[in-house]
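In what follows, a structure is listed as structure tokens, so that the remarks can point back to it.
The values are calculated or read from the model by the stated rules, or taken from the named source; none is laboratory data. Computed from a prediction, not measured in an experiment: that's the story for all the values here. When we count neighbours, we look across all protein chains shown, and the Cβ atoms used for this are built from the backbone with ideal geometry, even at glycine. What goes into the accessible areas is simple: the full protein's heavy atoms, side chains included, and nothing from ligands, DNA or RNA. Shrake-Rupley method; radii C 1.70, N 1.55, O 1.52, S 1.80 Å.
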Amino acid sequence: MSQPVRVRFAPSPTGFLHIGGARTALFNWLHARHVGGTFVLRIEDTDAARNTQEATDVILRGLRWLGLEWDEGPVTGDPTGPSRGAHGPYFQSQRGDIYRKRVQELKDRGLAYDHEGAVKFRMQREPVIFQDQIIGEISRALTDREQADPDFVIIRSDGLPVFHFVNVVDDLEMGITHVIRGEDHVSNTAKHIALFRAFGATPPAYAHIPLILNPDGSKMSKRDQGATIQAYIDAGFYPAAVANYLCLLGWTPKEGGEFFTKEDAARHFALCDVHRSNARFDMKKLEHFHFEHVRRLPPAEFVELGRPVLERAGLKPEAFPATYLANALATVQEKGKLLSELPGWVDFYFLPDDALNFDPEAKAKALTPAARPLLEKLRERFAALPDFTSPHLEAALKQLATDLQVKAGPLVQPCRVACTGRGVGPSLYHLMEVLGRDRVLRRLDLAIAGPPV
Ligand code: GLU
């Protein structure tokens, strides 16, 4: 019987979760879910100077936001408290004893030795050849510089263990079967395989994922657009849309279809289908994915997504009936706006009639002295409507335009600005139906009375 699959995401807490790191985590998660394996999270925080709780939290927040829960780790929750049974990730900073034992083991085997206060590993002299699950066969001989001294430091003179060493010890201790990581680690893999062999262990399978580049083909740095997951959280992307887009940065499902959940993707995911060429990040495409996912959401889910955004913007949706909130949000769902844009699109539903956020330009253009008599007549017609519903509102406005022999535009824009404060927004007739007769008439009255410009 084959060994149960165990994969891990092993980020160093650098202060942000890079989009490439998030995709690495996602591909690990997909592989684990596809084969029913275990997804381990390990924080590689041996470099105490650079690591802070905040830097770790950024990573955990990003992974949770994407829905990439890890499967195991030391129990952290209070056994009697509400987070009972919660398990944190593994932290290398808490595993010093394990590393000390393992150094001793290599020394005992004559494969590590003290050198100027540090400990060095006796690197194998022959080339290391391995079969990468994505790239294919990779053969790595010692470079000219390494020829002179192939051994490398595994414990620095200040006592801190080096990345290569702790990375391998942990993969070994944690029974990792597949190392799925960024292509930038291909050059480290010979060292890692040599270390596994030194411990008398079989190295895991390696799968190195090509990089994510900027649209112009340059390497992405953390300052580039879309480089950090926090930027997507702040912009109000729908997380499942981001996860969907990340799946496609380096992988194409054989079954076809572009829009799917990560659970769907997990059913079809195979490492051998990961592309060998670099992926290019495309913000427009990601926005399109957001739009498509949000449009498809059941309306009730969209409300749950929108409510906290409105609360944070100080709009107090809880002060309104649940159906009013649902109807208000339903008028913007199909627009597929980023959640950060949502308050700007719907604030007028929740603001007092005399305290709308007027866009000065829209107001100056639409609420002119010439618009007043038109608004007065419109108010009359709206007030007389038996049903204050979108088809009746539309018919009434169009009829008035016909009667006055004007186009609909000169009526629509002043009406929109009077009701919402803005020149663009949800469909006018729908939004008026949601606002209801009282609010609409009051807002028209205020506009007719001429708010001080
Ligand atoms: N801490 C390393 C990194 O963040 C992990 C590399 C690996 O996955 O083996 O790049």
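Here are a few things to note about the model shown:
- Placed amide H near ALA112: partners under 5 Å, 5+ positions off or other chain: LYS107, ARG122
- Percent RCO, i.e. relative contact order, over segment 359-453, from Cα pairs under 8 Å lying at least 6 residues apart: 41
- When you filter the trypsin sites (Lys or Arg not before Pro) in segment 342-427 for DSSP loop state and at most 11 other Cβ atoms inside 10 Å of their Cβ, you are left with LYS407.
- The fraction of accessible area contributed by carbon and sulfur in the chain is 52 percent, rounded to a whole number (1.4 Å probe; ligands and nucleic acids excluded).
- Rounded to the nearest 0.05, the FRET efficiency derived from the C-beta distance between LYS316 and GLU376 at R0 = 25 Å is 0.20.
- Model label points for ARG296 and THR261, set 7 angstrom from Cα along the Cα-to-Cβ axis, are 1.1 nm apart.
- Working from Cα pairs under 8 Å separated by at least six residues, relative contact order for the chain is 13 percent.
- Ligands, DNA and RNA are left out, and with a 1.4 angstrom probe the accessible area of the chain is 47 Å² per residue.
- Extension gain, SER340 to LYS398, is 17.5 nm, computed as 0.36 nm per intervening residue step minus the present C-alpha separation.
- Karplus-derived HN-Hα couplings along segment 335-345 (A = 6.51, B = -1.76, C = 1.60, θ = phi - 60°), whole Hz, x at Gly and Pro: 6, x, 5, 5, 4, 5, 8, 4, x, x, 8
- Zone of SER187's modelled label, taken as backbone nitrogen in segment 107-125 under 20 Å from a point 7 Å along Cα→Cβ: 121, 123-125
- Taking the average, over residues, of other Cβ atoms within 10 Å as the packing measure, peptides 184-191, 430-437, 106-113, 135-142 rank 430-437, 184-191, 106-113, 135-142 from highest down.
- Listed peptides 170-178, 115-123 by packing density, highest first (mean Cβ within 10 Å): 170-178, 115-123
- Net charge over other residues, Cβ less than 14 angstrom from the Cβ of ASP445 (K, R count +1; D, E count -1): +2
- Phi-based couplings in Hz for segment 263-272 (Karplus 6.51, -1.76, 1.60; Gly and Pro marked x): 5, 4, 4, 4, 5, 10, 5, 9, 4, 5
- Charge context of GLN53, other residues only, Cβ under 13 angstrom, K/R +1, D/E -1: -1
- Equivalent ellipsoid, the chain (semi-axes from 5 times Cα gyration tensor eigenvalues, Å): 60, 21, 19
- Chain lengthening between GLN225 and ARG156 when straightened (0.36 nm per residue, less Cα-Cα): 21.2 nm
- Built amide H within the under 5 Å cut-off of ARG280, gap 5+: LEU213
- Whole-Hz ³J(HN,Hα) from phi, Karplus 6.51 cos²θ - 1.76 cosθ + 1.60, for segment 286-297, glycine and proline x: 4, 4, 5, 5, 4, 4, 5, 5, 5, 4, 7, 5
- Once backbone amide H atoms are built at 1.01 Å from N, VAL153 has PHE121 as its partners under 5 Å, excluding neighbours fewer than 5 places away on the same chain.
- Chymotrypsin sites (Phe, Trp or Tyr not before Pro) lying in DSSP loop within segment 130-205, provided at most 14 other Cβ fall within 10 Å: none
- Kirkwood-based Rg to Rh ratio, segment 386-453, C-alpha trace: 0.95
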